[in-house]
Amino acid sequence: MKKIGILSDTHHTWDDRYAVHFKDCDEVWHAGDIGDMSIVRNLREVAGTVRAVSGNIDHGEVKRECDECMIFEIEGVRVLLTHIGGYPGKYSPGVKELLKKYGINLMICGHSHILKVIHDPDLNLLHVNPGAAGQHGWQKERTLVRLTIDAGNITDLEVITLGKRPLI
């Protein structure tokens, strides 16, 4: 059994509440637009394993250290972690084929700043976009997601609201 913390679109913003909400997580996954590797380093102090992909605003050290896409298996669940992926019914070009090819059960992406948790019955997968955890963007609420993966099952999915995005 693994507890997973998921966030995206921090855009250079570290919030100490990430550590509070992810302190009991075995892994933290960041779905891109990190902004600065210090975010990943801070997350590594919270969870033993951090998986992070680069997003469209990332450059420099983040781009060198983080791939654009990760496919891996954890507790019997095949995961795609990427930044721009779309969602069921509106996948980004090439993503649906990737999901089929690798038999993905759980797709995690960011980019839209819109929290979405959608089951795709055609591909039998769960799509999760944790929304945006940072201060920049058009989202009204800043959000994180936590879930548990155990023996092929995804359970205990929680949405954590960090509050309103400040007007910038």
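Tabulated data for the structure shown
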item	result
Using a Förster distance of 35 Å, the FRET efficiency for Arg41-Cys69 (Cβ separation, nearest 0.05)	0.95
Peptide ranges 42-50, 7-15, 151-159 listed from the most packed, as the mean C-beta count within 10 angstrom indicates	7-15, 42-50, 151-159
For the chain, alpha-carbon Rg and Dmax in angstrom	14.5, 44
Unit charges on C-beta of K, R, D, E only; dipole of the chain, Debye	320 debye
Along principal axes, Cα extents of the stretch 77-122, largest first, whole Å	26, 20, 18
Sequence-separation-based contact order of the stretch 107-168, relative, with Cα cut under 8 Å and 6+ spacing, percent	26 percent
Among beta bridges that DSSP assigns inside the chain, antiparallel share in %, nearest 5	65 percent
Close Lys-Lys pairs in the chain, where close means Cα under 21 Å and separation is 8 or more or interchain	11
Within the stretch 80-168: Cβ-based charge dipole about Cα centre, in debye rounded to nearest 20 (Lys, Arg +1; Asp, Glu -1)	360 debye
Cβ-based net charge around Ile34, under 11 Å, with every Lys or Arg adding one and every Asp or Glu removing one	-4
Area of Lys63 that stays accessible when all protein chains are in place (1.4 Å probe, Å², to 10)	90 Å²
The stretch 30-110: relative contact order in percent, alpha carbon pairs under 8 Å with at least 6 residues between	29 percent
Taking the stretch 57-168 and dividing mean pair separation by its residue count, relative contact order in percent (alpha carbons under 8 Å, at least six apart)	19 percent
Per residue accessible area in Å² of the chain, where ligands, DNA and RNA are left out and the probe is 1.4 Å	47 Å²
Alpha-carbon radius of gyration plus Dmax, which is the widest Cα pair, for the stretch 32-120 in Å	13.4, 37
On Cα atoms only, tilt of 37-46 relative to the major axis of the chain in degrees	80 degrees
Charge tally in the Cβ shell below 14 Å around Ile74, where Lys, Arg are +1 and Asp, Glu are -1, Ile74 excluded	-1
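The values are calculated or read from the model by the stated rules, or taken from the named source; none is laboratory data. This is a predicted model, so every value here is computed, not measured. FYI the Cβ positions are ideal-geometry reconstructions off the backbone, even for glycines, and counts take in every protein chain you see. Surface areas here come from the heavy atoms of the whole protein model, side chains and all, with no ligands, DNA or RNA. Shrake-Rupley method; radii C 1.70, N 1.55, O 1.52, S 1.80 Å.
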